[in-house]
1. Are there strands (runs of 3 or more DSSP E) fully within the range 45-104 with at least 3 residues that are of a type outside the set (Val, Ile, Thr)? List them.
2. Counting just the residues of the range 376-404 that are of a type in the set (Lys, Arg) and in a helix (DSSP H, G or I), which one comes out farthest from Thr255 (Cα to Cα)?
3. Scanning the range 307-329 for residues that are part of a loop (DSSP other than H, G, I, E, B) and surrounded by fewer than 15 Cβ atoms within 10 Å (Cβ to Cβ), which turns out nearest to the chain's Cα centre (by Cα)?
4. Could you please find all residues in the range 245-266 being at pLDDT 95 or above, open to solvent by 60 Å² or more (accessible area, probe 1.4 Å) and not in a strand (DSSP E or B)?
5. Suppose we keep only residues that are outside any helix (DSSP H, G or I) and of a type in the set (Val, Ile, Thr) within the range 360-375. Which one would you say is modelled with the lowest pLDDT?
6. Looking at the range 384-404, which of the residues that are of a type in the set (S, T, N, Q) and open to solvent by 20 Å² or more (accessible area, probe 1.4 Å) is nearest to Gly192 (Cα to Cα)?
7. Can you find, within the range 130-156, the residue that is nearest to the chain's Cα centre (by Cα) among those that are assigned to a helix (DSSP H, G or I) and either surrounded by fewer than 19 Cβ atoms within 10 Å (Cβ to Cβ) or of a type in the set (Lys, Arg) (or both)?
8. Show the residue pairs that are 6+ apart or on different chains and have beta-carbon atoms under 9 Å apart, the first residue being within the range 55-67 and over 16 Å from Ser80 (Cα atoms), the second being part of a helix (DSSP H, G or I) and among the acidic types (Asp, Glu).
Amino acid sequence: HRTPRPTSPTPDPMPLPLHSHRAGIIGTGFIGPVHIEALKRLGVQVNAICGSTASAKECAARWGIPEVHGNYDVDALVRSPNVDVIHITSPNKAHVAQCLKALRAGKHVVCEKPLGMNSRETARVVAAVKKPGAPVFAVNYMCRFFPAILQMRAMVARGDLGRIIHVQGHFFQDWLLHDSDFNWRLLASEGGKLRAVGDIGTHWIDAVSFILGSRVERVFAHLETFHKTRYRPKGALKTFAKADPESRIPYRVDTEDFGSVLMRFGKSDHGFAQNVHANASISQVAAGWKCSLSLGIYGTAGSARWDFQQPNEIVVGRRDGPNEILQRGTPGFLDDVAGFTDTPGGHPEGFPDSHKMQYRAVYEHIASGRKTPVLFATADDGHHEVRLCEAVLRSSKSGAWVRL
């Protein structure tokens with residue numbers, strides 16, 4: 001049964017300000033407070049937190065969050081009448097179940113990546129989001145919202161670099177260099193069978209996909225585990241923390257430390273990036289690199305290079321003219337990213353700001369009644385990235401190209 005449409009439709013209501021949408025956070029580890037800080041900078045009310053009893057109370061006290069759901073009581077947070085949007089920052093294995101609970105309760109969702117542990121699970125989220133009247137759903141691939149990434153996307157779509165020939169880059173970290181470094185992401189049972197490529201490599205792939213306006217269709221991958229045995233503490237350990245040498249126990253590592261991935265992207269939204277070849281090196285054992293997501297887009301008329309650790313600059317390369325360094329907030333790096341940068345040129349914006357810009361885009365999309373562009377990663381994007389991770393694993397095992 002459908003209610004008849006009124007004969008004289010009423011005008012659309014004015015979009016609500018962002019602070020009229022109230023957030024709840026699941027998870028209190030490294031990334032949870034990143035979400036909280038970004039939301040508070042936007043004026044969004046963070047009304048509830050969920051995690052272990054001790055960590056949830058501590059996080060609530062630090063950030064002034066009134067509603068605490070300890071003992072990982074996700075059901076209580078999902079039922080809360082004081083929450084409109086749920087941010088899921090829990091370990092990977094919990095994502096899908098928590099997403100589905102939030103969607104069934106009619107809550108909008110921002111879920112950390114990866115969307116789930118396997119594509120069979122993530123397909124359930126895609127199906128739930130496609131139902132009529134389903135809430136807004138975003139996956140936290142926040143690199144899309146660095147002004148430089150948005151600028152490079154505009155340059156490619158406009159043809160500033162000509163036809164794109166290939167893309168090259170890396171994502172290097174060193175926080176798991178030692179065999180005594182430990183985090184739940186090292187365990188396939190907690191984070192998934194693909195670790196370095198799944199955890200950080202997918203950020204590189206999603207950023208390139210966003211810039212090109214196309215998706216990966218085929219992969220050829222080689223993965224390696226340098227530390228076959230590692231040492232873990234007897235208790236839990238937060239991200240980037242160090243284990244006490246006196247309380248370590250050995251375990252067999254079942255995820256990769258580094259890898260190389262060749263990719264063939266498919267058709268683009270425009271005519272300048274069709275069937276582009278790309279290659280990326282991914283490592284969490286690269287000494288001296290803290291968080292270097294580096295990528296270069298190489299075309300017939302020029303190139304554009306960017307690094308996460310120098311986020312406010314794009315290096316533009318020319319064959320028949322001088323190279324340039326474009327700086328955020330100055331001519332050539334300004335109009336195309338209007339609305340996604342807040343400070344004047346020379347005032348750096350970085351990792352926290354990319355989260356803020358992404359959540360602004362999500363909450364504005366909700367407040368406008370879905371009238372703003374969908375620049376954030378969707379459930380379908382998150383599902384595709386999980387399928388890609390599965391293809392990478394199959395390719396590394398078979399030594400052959402794998403089509404998604």
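The values are calculated or read from the model by the stated rules, or taken from the named source; none is laboratory data. Fair warning: this is a prediction, and the values are worked out from it, not measured in the lab. Cβ placement follows ideal geometry from the backbone for every residue including glycine, while neighbour counts extend to all protein chains displayed. What goes into the accessible areas is simple: the full protein's heavy atoms, side chains included, and nothing from ligands, DNA or RNA. Shrake-Rupley method; radii C 1.70, N 1.55, O 1.52, S 1.80 Å.
1. Details: elements: 45-50, 67-69, 85-88.
Ranges flagged: 45-50.
2. Of all residues in the range 376-404, those of a type in the set (Lys, Arg) come to 387, 394, 397, 403.
With the extra rule that they be in a helix (DSSP H, G or I), the set shrinks to 387, 394, 397.
Values: Arg387: 17, Arg394: 14, Lys397: 13 Å.
Checked the range 376-404; the qualifying residue farthest from Thr255 (Cα to Cα) is Arg387.
3. In this case the residue turns out to be Gln309.
4. Asp254
5. Restricting attention to the range 360-375, the residues satisfying the condition of being outside any helix (DSSP H, G or I) are 368-375.
From what is left, the residues that are of a type in the set (Val, Ile, Thr) are 372, 374.
Numbers: Thr372: 94, Val374: 97.
Only one residue fits best here, namely Thr372.
6. Within the range 384-404, the subset of a type in the set (S, T, N, Q) is 395-396, 398.
Next, only the ones that are open to solvent by 20 Å² or more (accessible area, probe 1.4 Å) stay: 396, 398.
Values: Ser396: 16, Ser398: 19 Å.
Per the criteria, the residue is Ser396.
7. In this case the residue turns out to be Arg144.
8. Short answer, once both residue conditions are applied: Trp63/Glu37.
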